[in-house]
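Enquirer: The structure under discussion is supplied below as structure tokens; questions concerning it will follow.
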Amino acid sequence: MLVKDIVQIFEQIAPGQYQESYDNSGLITGSPEMEVKAIMLSLDTTEAVIDQAIQQGCNMIVAHHPIVFKGLKRFNGNNYVERAVIKAIKHDIAILAVHTNLDNVLQDGVNQKIASKLGLANTRILAPKSGILSKLFVYVPAAHLEPVREALFNAGAGQIGQYSECSFASEGQGTFKPGTTAQPYSGERGIRERADEIKLEVLLPAYLSSKVIAAMRDAHPYEEVAYELVSLNNEHQEIGSGVIGELPEAMTKKAFLEYLKKNLNLEIIRHTIGGSSIKKVAVCGGSGSFLISNAMRSGADAYVTADVKYHEFFDAEERLLLCDVGHYESEISTLEIFSDKIKEKFPNFAVIFCSISTNPIQYFK
Ligand SMILES: [Zn+2]
């Protein structure tokens, strides 16, 4: 198995195009063509994690946080980022980071994992992203409808939520006059032709546009394909920040805090006063203060996240039980996603959870 096979697994569930602009998800060190011996999973790629990978014969690390976020100019080991990168390269260790792209997908994503730990049902994205969907209209002669439609679906178009192969087709008549060097369809050059055509419409993720258009051209019988590709303002219901869902039964505030502590294996929770009864719960692994207002608007009784600042706790207005459970603690279950997904594809492959806690925050009690 090669590094690129592992990259591909995560590219399928969390395409790199869905990462935030400040992020640096993807293959940070190592070649896609390298043979993988064993994989270590960790939230962060510190030097200690790389040391453990070397000791345990792992030449690939799959991590949530990228060790490198921005451009490095020097490689003299002056800080922990440079030292980690130098060590990984010296020891031929591939580092793959699957970060905000995995935060932003509902299916198999970081927040869905937290929601499942809390037993939340009817989960959906708390703040769906817009501007990432396109619509393709293509005019196809009736006899060629199926191969073109099939090609569009195979290239990734036509997925709406849990439904795949979605399309809409309407009949009409197209006209065209082949130029002096163009290929006539059924008539002659210079004579206007008419053809019974189908207007076929499909939705697609914008990042797949070139792939879908290429597949459409390949399957289409016309030399010059008439189509329109339009950007949509619709929200993508499966892509975005945070997740909201419901507990099986309403709990008192105290019972919920105990439940949260137990299910996420927490030492400590910083929280606001909140309301009285908890049923609807929003979650966002990592720094999720930017979603406090979304959680309030969505009618959440509690919002579980991390890195909340003093003044941001006031934003909960004593209505929302805002819980800061710690950044590391909120995201550590992401490693289970990594392990499950690799094992799903390669059931007998050695995947090792790093035994070192990379949490830089300690609690003195
Ligand atoms: Zn994080």
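The values are calculated or read from the model by the stated rules, or taken from the named source; none is laboratory data. Nothing here was measured: the structure is a model prediction, and the numbers come from that model. Note that each Cβ is placed from the backbone with ideal geometry, even for glycine, and that neighbours are counted across all protein chains shown. Protein only, heavy atoms only, side chains kept; ligands, DNA and RNA dropped before computing areas. Shrake-Rupley method; radii C 1.70, N 1.55, O 1.52, S 1.80 Å.
Enquirer: Condition check: modelled with pLDDT of 95 or more and touching an Asp or Glu at 6+ places or on another chain (Cβ under 8 Å). Does residue 167 satisfy that?
Expert: Spelling it out, residue 167 is indeed modelled with pLDDT of 95 or more and touching an Asp or Glu at 6+ places or on another chain (Cβ under 8 Å).
Enquirer: Quick check on segment 232-252. Is at least one of its residues of a type in the set (D, E, K, R), surrounded by fewer than 14 Cβ atoms within 10 Å (Cβ to Cβ) and either touching a residue at least 40 places away in the same chain (Cβ under 8 Å) or more than 30 Å from residue 331 (Cβ to Cβ) (or both)?
Expert: No, segment 232-252 contains no residue that is of a type in the set (D, E, K, R), surrounded by fewer than 14 Cβ atoms within 10 Å (Cβ to Cβ) and either touching a residue at least 40 places away in the same chain (Cβ under 8 Å) or more than 30 Å from residue 331 (Cβ to Cβ) (or both).
Enquirer: For segment 33-58: of the residues being open to solvent by 60 Å² or more (accessible area, probe 1.4 Å) and assigned to a loop (DSSP other than H, G, I, E, B), which is farthest from the ligand (Cβ to nearest atom)?
Expert: Filtering first and then ranking leaves 33.
Enquirer: Which of the following residues is free of Cβ contacts under 8 Å to residues at least 40 places away in the same chain and not acidic (Asp, Glu): 3, 81, 62?
Expert: Going through 3, 81, 62 in turn, just one is free of Cβ contacts under 8 Å to residues at least 40 places away in the same chain and not acidic (Asp, Glu): 81.
Enquirer: Any chance you could count how many residues in segment 303-320 are among the hydroxyl-bearing types (Ser, Thr, Tyr) and within 24 Å of residue 123 (Cβ to Cβ)?
Expert: Residues in segment 303-320 being among the hydroxyl-bearing types (Ser, Thr, Tyr) and within 24 Å of residue 123 (Cβ to Cβ): 2 in total.
Enquirer: Follow-up question, since we're still on this one. If we keep just the residues of segment 59-85 that are over 23 Å from the mean Cα position of the chain (by Cα) and within 27 Å of residue 12 (Cα to Cα), which is most open to solvent (accessible area, probe 1.4 Å)?
Expert: Ranking the qualifying residues of segment 59-85, first place goes to 71.
Enquirer: Tell me, which helices (runs of 4 or more DSSP H) lie completely within segment 285-365 with 1 or more residues that are within 12 Å of the ligand (Cβ to nearest atom)?
Expert: Qualifying helices (runs of 4 or more DSSP H): 327-331, 334-345.
Enquirer: I'm trying to understand the selection: among the residues of segment 317-365, which are farther than 24 Å from residue 97 by Cβ, modelled with pLDDT under 95 and among the hydrophobic types (A, V, I, L, M, F, W, C)?
Expert: Hit for segment 317-365 is 364, nothing else.
Enquirer: I'd like the full set of residues that are within 29 Å of the chain's Cα centre (by Cα) and either open to solvent by 20 Å² or more (accessible area, probe 1.4 Å) or aromatic (Phe, Trp, Tyr) (or both), limited to segment 265-289.
Expert: The answer is 265, 267, 268, 269, 270, 271, 279, 280, 287, 289.
Enquirer: So, one more: Name every residue in segment 61-85 that is away from the ligand (no atom under 13 Å from the Cβ), outside any loop (DSSP other than H, G, I, E, B) and out of contact with any helix residue (DSSP H, G or I) (no Cβ under 6 Å at 6 or more places or on another chain), in order of residue number.
Expert: 80, 81, 82, 85
Enquirer: Turning to a different aspect of this structure: Every residue in segment 18-32 that is surrounded by 14 or more Cβ atoms within 10 Å (Cβ to Cβ) and under 15 Å from the mean Cα position of the chain (by Cα), please.
Expert: 18, 19, 23, 24, 25, 26
Enquirer: I want to confirm something. Restricting to segment 12-32 and keeping residues that are free of Cβ contacts under 8 Å to residues at least 40 places away in the same chain and part of a loop (DSSP other than H, G, I, E, B), which single residue is farthest from the ligand (Cβ to nearest atom)?
Expert: Checking each candidate, the answer is 32.
Enquirer: In this structure, does residue 175 turn out to be open to solvent by 40 Å² or more (accessible area, probe 1.4 Å), among the polar types (S, T, N, Q), part of a strand (DSSP E or B) and without any contact (Cβ under 8 Å) to a residue 24 or more places away in the chain?
Expert: In short, yes.
Enquirer: Okay, moving on. Filter segment 183-205 for residues that are surrounded by fewer than 12 Cβ atoms within 10 Å (Cβ to Cβ) and among the charged types (D, E, K, R) and give the result.
Expert: Across segment 183-205, the qualifying residues are 188, 192, 196.
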